[in-house]
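These notes concern the structure reproduced below.
The values are calculated or read from the model by the stated rules, or taken from the named source; none is laboratory data. Predicted, not measured: the structure shown is a model, and the values here were computed from it. When we count neighbours, we look across all protein chains shown, and the Cβ atoms used for this are built from the backbone with ideal geometry, even at glycine. In case anyone asks, the SASA skips ligands and DNA or RNA and just uses the protein heavy atoms, side chains included. Shrake-Rupley method; radii C 1.70, N 1.55, O 1.52, S 1.80 Å.
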Amino acid sequence: VPAYVVGDTTSFSFPATGFQRGNHGGQDAFVAKIGADGSHLVYSTYLGGSADEHGAAIAVESGGTAYVSGSTLSTDFPVLNAAQAYNAGGQDAFVTRLSADGNSILFSTYLGGSGGTVMYPEIAQSIALDVQLNAYVAGVTSSTDFPTLNPLQGSLNGALDAFVTKFTSSGVKVYSTYLGGSSIDEANGIAVDAGGAAYVVGYTVSTDLPVIHAVQSANAGEFDAFLARLSPAGNVLQYLSY
């Protein structure tokens with residue numbers, strides 16, 4: 001089984017053979033596929049614009065197309081069939097689907113609002129696929145105008161909230177929601193079951209998360225982990241626990 005890797009590089013001599021063969025800014029994300037025996041590079045590509053990118057997560061379907069998420073400060077990040085074709089301000093999340101040979105993008109989109117800084121970031125930190133190859137991303141946002149759709153939570157409740165967004169395999173947004181309390185909340189992991197329910201994990205400083213069917217119903221001390229399950233439509237919380 002080949003290995004797929006996502007990360008960051010500031011090099012101008014990174015061994016890129018795929019979609020983007022040059023560094024477009026100070027730090028670009030990269031995506032690489034390494035042969036099953038580990039001895040050779042199947043493909044590798046930069047992914048970025050003229051400012052800094054961060055490649056945070058990757059998921060691969062059985063046909064070999066790779067879904068990548070992270071963050072970008074660029075206004076010229078490569079987009080195609082985009083749900084959001086422009087950077088809404090500062091740092092935005094991004095979601096990109098690469099072809100199986102690494103030579104082209106099938107869709108690529110910004111995902112963010114007018115916030116997003118080093119201290120108050122906007123990053124898609126985890127990505128998962130369901131059996132229909134829909135992509136589910138979870139991360140953190142500081143924007144009051146993060147692009148929601150059919151949301152469980154329609155507005156930013158604290159300085160930082162988690163977010164969960166679902167895209168079809170062609171990049172159409174299905175739902176997008178904030179998830180958080182009145183302090184700091186960040187999602188850094190997501191998984192999806194066969195029915196399309198999304199399981200989201202992260203950490204929180206909030207004492208007012210909307211708990212339901214909770215193993216632990218209250219924050220036991222400044223930073224707690226949280227676990228949430230969203231309905232397949234993304235607008236109902238099936239459980240949430242500190």
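Here are the numbers:
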{"item": "Any hit, the stretch 128-151, residues being of a type outside the set (S, T, N, Q), assigned to a strand (DSSP E or B), open to solvent by 20 Å² or more (accessible area, probe 1.4 Å) and farther than 13 Å from SER69 by Cα", "result": "yes"}
{"item": "Breaking point among (1) within 14 Å of the chain's Cα centre (by Cα); (2) over 25 Å from GLY112 (Cβ atoms); (3) among the aromatic types (Phe, Trp, Tyr), for TYR242", "result": "(1)"}
{"item": "Qualifying positions in the stretch 115-127 - in a loop (DSSP other than H, G, I, E, B), crowded, with 23+ Cβ neighbours inside 10 Å and of a type outside the set (D, E, K, R)", "result": "GLY116"}
{"item": "Selected residue (only one of TYR178, TYR203 is within 30 Å of ILE105 (Cβ to Cβ) and in a strand (DSSP E or B))", "result": "TYR178"}
{"item": "Residue count for the stretch 212-230, restricted to those that are over 16 Å from GLY158 (Cβ atoms), open to solvent by less than 70 Å² (accessible area, probe 1.4 Å) and in a loop (DSSP other than H, G, I, E, B)", "result": "4"}
{"item": "Residue match in the stretch 72-87 (condition: among the charged types (D, E, K, R), in a strand (DSSP E or B) and open to solvent by 10 Å² or more (accessible area, probe 1.4 Å))", "result": "no"}
{"item": "Any chance GLY112 is open to solvent by 10 Å² or more (accessible area, probe 1.4 Å), within 17 Å of the chain's Cα centre (by Cα) and not hydrophobic (A, V, I, L, M, F, W, C)", "result": "no"}
{"item": "Any hit, the stretch 35-56, residues being within 17 Å of GLN125 (Cβ to Cβ), out of contact with any Pro (no Cβ under 7 Å at 6 or more places or on another chain) and surrounded by fewer than 23 Cβ atoms within 10 Å (Cβ to Cβ)", "result": "yes"}
{"item": "Given (1) within 14 Å of the chain's Cα centre (by Cα); (2) in a loop (DSSP other than H, G, I, E, B), index of the condition ASP101 fails", "result": "(1)"}
{"item": "Residues (in contact with an Asp or Glu (Cβ under 6 Å, 6 or more places away or on another chain) and of a type in the set (Gly, Ala, Ser)) located in the stretch 170-189", "result": "GLY180, GLY181, SER182"}
{"item": "Close pairs (6 angstrom Cβ cut-off, 6 or more residues apart or separate chains): polar (S, T, N, Q) in the stretch 27-44, open to solvent by 50 Å² or more (accessible area, probe 1.4 Å) anywhere", "result": "GLN27/ASP8; GLN27/THR10; GLN27/ASP52; SER44/PRO15; SER44/THR17"}
{"item": "Subset of the stretch 163-188 [open to solvent by 10 Å² or more (accessible area, probe 1.4 Å) and either farther than 19 Å from GLY116 by Cα or touching a Pro at 6+ places or on another chain (Cβ under 8 Å) (or both)]", "result": "LYS166, THR168, SER169, SER170, VAL172, LYS173, VAL174"}
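Here's the yes/no breakdown for (1) without any contact (Cβ under 8 Å) to a residue 60 or more places away in the chain; (2) over 30 Å from ARG21 (Cα atoms):
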residue: GLY90; (1), (2): yes, no
residue: VAL95; (1), (2): no, no
residue: ASP101; (1), (2): no, no
residue: PHE107; (1), (2): no, no
residue: TYR110; (1), (2): yes, no
residue: THR117; (1), (2): yes, no
residue: LEU179; (1), (2): yes, yes
residue: ASP185; (1), (2): yes, yes
residue: TYR199; (1), (2): yes, yes
